[in-house]
Amino acid sequence: MSQPSAPFRYHSLQVTFHWLTALLIFVTYVIGKVMSPISNQDASKIAPLTVHMLIGILILLILVIRFIALMKFPRPARAANENMFLYRLAKSVHHTLYLFIFIMSVSGLALAVRAKILQAIFGGGALPEDFNYLPHAVHDFLAPLLLMLILLHIGAAFYHQFIVKDNLLARMGYGK
């Protein structure tokens, strides 16, 4: 009996969560930049901070679902004639993207707990005087690194689409 061939595209659930994650990360990044810096005296930052946190939690949940989907659905085969160095680099970038997204979400949750932000948002209290906590430092440090990795990921997709012309971008689209 022959092995079933690898699909051309990722499963539609994986595609949906990929693009939803990308959109949500973009939105949280913009909100994070708009609301920074946050201080106790600035109650106008509570609403964007709430949205930023809720989207961050949603991103974490989607990330967990993505890992489950990665194990459940078959992956497309490697690109034909792909350079082994670039293949390993792409794999490393993907793993690092997942890791950074996970750490960003967890550090945001840790900051919310440590700085008692949840009480300020849901209990009507004030925001903390400062956010000088380790989770905040991790969150702030990783944000630009995650952005650079995302730009590298997008650049690689465009490289495949327009330079190599192997239609690799179609794997993250809908269709048969």
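What follows is calculated from the coordinates using simple rules that are stated; it is not laboratory data. Here the structure is a predicted model, which is why all the values come from computation and not from measurement. Neighbour counts run over all protein chains shown; Cβ positions are idealised from the backbone, glycine included.
Laid out as a table, the results:
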{"read-out": "Estimated 222 nm signal from helices in the chain, with DSSP H stretches of n ≥ 4 weighted -39500 (n - 2.57), rounded to 500", "value": "-22500 deg cm²/dmol"}
{"read-out": "Length added when fully stretched, GLN119-ILE57, from 0.36 nm per residue minus Cα-Cα", "value": "20.7 nm"}
{"read-out": "Simple label model, 7 Å out from Cα along Cβ direction - SER12 to VAL164, nm", "value": "2.7 nm"}
{"read-out": "Cross-link partners of LYS165 among lysines (Cα-Cα below 26 Å; sequence separation of 8 or more within a chain)", "value": "LYS91, LYS176"}
{"read-out": "Mean Cα-pair separation over length for segment 12-172, i.e. relative contact order, pairs under 8 Å, 6 or more apart, %", "value": "27 percent"}
{"read-out": "Selection from HIS139, PHE26, LEU118 lying farthest towards where the dipole of the chain points positive, charges on Cβ", "value": "PHE26"}
{"read-out": "Burial ranking of peptide ranges 101-109, 5-13 (average Cβ count within 10 Å, highest at the top)", "value": "101-109, 5-13"}
{"read-out": "Which label in (i) 1.06; (ii) 0.95; (iii) 1.10 gives the computed Rg/Rh (Cα atoms, Kirkwood Rh)", "value": "(i)"}
